[in-house]
Amino acid sequence: MNAGPNRVGQSGLTYFGRTTASISHELKNALAIIKENAGLLDDYLQMADKGLPIDPARFKTVTGRIADQITRADGIIKNLNRFAHSVDEPVKAIDLNEIAALLNVLSQREAAMRQVTLQVCPEGATIPVTTAPYLLLTLLGRCLSICLQYMGSGKTLTVKVTRIPDGGRIEFEALDAARLAAAANFPGENETDLLNAVGAEYHLDGTLGCMAITLSNR
Amino acid sequence: MRVLLVDDETDLASALAERLDMRGIEADWVNSGQEALECAAKSHYDLAVLDLKMPKIGGLELKARMQALYPHMKFIFLTGYGSEKDFETVACESGERCYLVKPVEIEDLVRLMRELTKNRGNSQ
């Protein structure tokens, strides 16, 4: 029996579970802030009912916090929606910049928890590749998690998208990428299956300090 | 009662602290485990309210470190976990039982705080 497809499916589900759990946690935080600040406004009104003055500046600060969190929650839900639609078509033509941008928004919380600054640098122009978008996202998410897990707090992880002849390349620039990959035994069986499923190649450049995933349209 | 709120969401911690103050509970707030340890070294607190998931020092680790330093202190966890069942799994591993799931009801939090600290004088 070929374990490959099962492992790919399991990797995809694991990434789905981890990502949606992170999103739901962030959404909960936004809702908690809205609830607490709405409660604070209610407290102010109850004070006013008892004849105590309300400070308009305080009121404005609190309503501003609520508006900010509604904007935040709206952004989180938009990202969740983009993530959900990444499974619409098993294989399709995509822009690598868009996948990298989605990876960025989905991973910011994980980076923050690790105290790593995550920055994604897209290519100026569209980089079209035909691949399995959700599985590519799963593979890139795995690369990113390994970098975050092993690189240590206080550092910056740069994800760079570049065009190559007939395709594109996504680089994870971490100073000690070779050590990270060795520490994580990367790519293992799961990642190798994902690389095959999306038609990509993995490169490690210890000198430049980057892990790279290359996709070709050939 | 004097409490320390520890949550990396500033707009949550500050609003919660203000609401607790209005209910006669003196509350300070900080955004990280490190700040909490520094704050607790300078002031006396009866109870700490800890966010479970925070960068660097998470709520469970912070509780262990603070409890070692301040054995009198009581702890309540706030968690953004989707369901209480999820948190029970985490909680059972460390033996913790005192938690509320965000978004919390302020009166539930106050009630739990008063329950945890009501016998403090007798136990010391």
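The values are calculated or read from the model by the stated rules, or taken from the named source; none is laboratory data. Since we're looking at a predicted model, the values are computed, not measured. Neighbour counts are summed over all protein chains in view; Cβ atoms, including those assigned to glycine, are modelled from backbone coordinates with ideal geometry.
So is A:LEU135 touching a residue at least 40 places away in the same chain (Cβ under 8 Å), of a type in the set (A, V, I, L, M) and within 14 Å of another protein chain (Cβ to nearest Cβ) or not? For A:LEU135, the condition - touching a residue at least 40 places away in the same chain (Cβ under 8 Å), of a type in the set (A, V, I, L, M) and within 14 Å of another protein chain (Cβ to nearest Cβ) - is not met.
A:GLU98 passes every criterion in (1) surrounded by fewer than 18 Cβ atoms within 10 Å (Cβ to Cβ); (2) outside the structural domain of A:GLY167 (by TED's automatic domain parsing); (3) at negative phi apart from (2).
Conditions (1) farther than 28 Å from A:LEU102 by Cα; (2) within 10 Å of chain B (Cβ to nearest Cβ); (3) in contact (Cβ under 8 Å) with a residue 60 or more places away in the chain, marked per residue:
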position: A:ALA30; (1), (2), (3): no, yes, no
position: A:ILE34; (1), (2), (3): no, yes, no
position: A:ASN37; (1), (2), (3): yes, yes, no
position: A:ILE54; (1), (2), (3): yes, no, no
position: A:ALA57; (1), (2), (3): yes, no, no
position: A:ILE70; (1), (2), (3): no, no, no
position: A:GLY75; (1), (2), (3): no, no, no
position: A:ASP88; (1), (2), (3): no, no, no
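Applying the selection to segment B:49-65, what residues are more than 14 Å from every other protein chain (Cβ to nearest Cβ) and out of contact with any helix residue (DSSP H, G or I) (no Cβ under 6 Å at 6 or more places or on another chain)? Across segment B:49-65, the qualifying residues are B:LYS63, B:ALA64, B:ARG65. Being more than 26 Å from A:LEU13 (Cα to Cα) and either more than 14 Å from every other protein chain (Cβ to nearest Cβ) or hydroxyl-bearing (Ser, Thr, Tyr) (or both) holds for only one residue in A:GLY141, A:GLY209, A:GLY154, and it is A:GLY209. Considering segment B:13-36, and only residues there that are without any contact (Cβ under 8 Å) to a residue 24 or more places away in the chain and touching a Lys or Arg at 6+ places or on another chain (Cβ under 8 Å), the residue that is surrounded by the fewest Cβ atoms within 10 Å (Cβ to Cβ) turns out to be B:GLN34.
Within the option set A:THR156, A:THR214, being surrounded by fewer than 21 Cβ atoms within 10 Å (Cβ to Cβ), touching a strand residue (DSSP E or B) at 6+ places or on another chain (Cβ under 6 Å) and at pLDDT 95 or above holds for one residue only, A:THR214.
Taken over segment A:85-130, the criterion of being in a loop (DSSP other than H, G, I, E, B) and either farther than 19 Å from A:PRO165 by Cα or under 11 Å from the mean Cα position of the chain (by Cα) (or both) is satisfied by A:SER86, A:VAL87, A:ASP88, A:GLU89, A:PRO90, A:VAL91, A:ARG114, A:GLN115, A:VAL116. Annotation: A:PRO165 fulfils all but one of (1) within 30 Å of B:GLY59 (Cβ to Cβ); (2) without any contact (Cβ under 8 Å) to a residue 12 or more places away in the chain; the unmet one is (1). In the set A:ASP166, A:ASP176, only one residue is in contact with a strand residue (DSSP E or B) (Cβ under 6 Å, 6 or more places away or on another chain) and surrounded by fewer than 22 Cβ atoms within 10 Å (Cβ to Cβ); that residue is A:ASP166.
Could you tell me whether any residue of segment B:94-108 is at pLDDT 90 or above, of a type in the set (Gly, Ala, Ser) and more than 30 Å from A:LEU41 (Cβ to Cβ)? No; the residues of segment B:94-108 include none that is at pLDDT 90 or above, of a type in the set (Gly, Ala, Ser) and more than 30 Å from A:LEU41 (Cβ to Cβ). In this structure, A:PRO133 does satisfy being within 17 Å of A:LEU96 (Cα to Cα) and buried (at least 22 other Cβ atoms within 10 Å of the Cβ).
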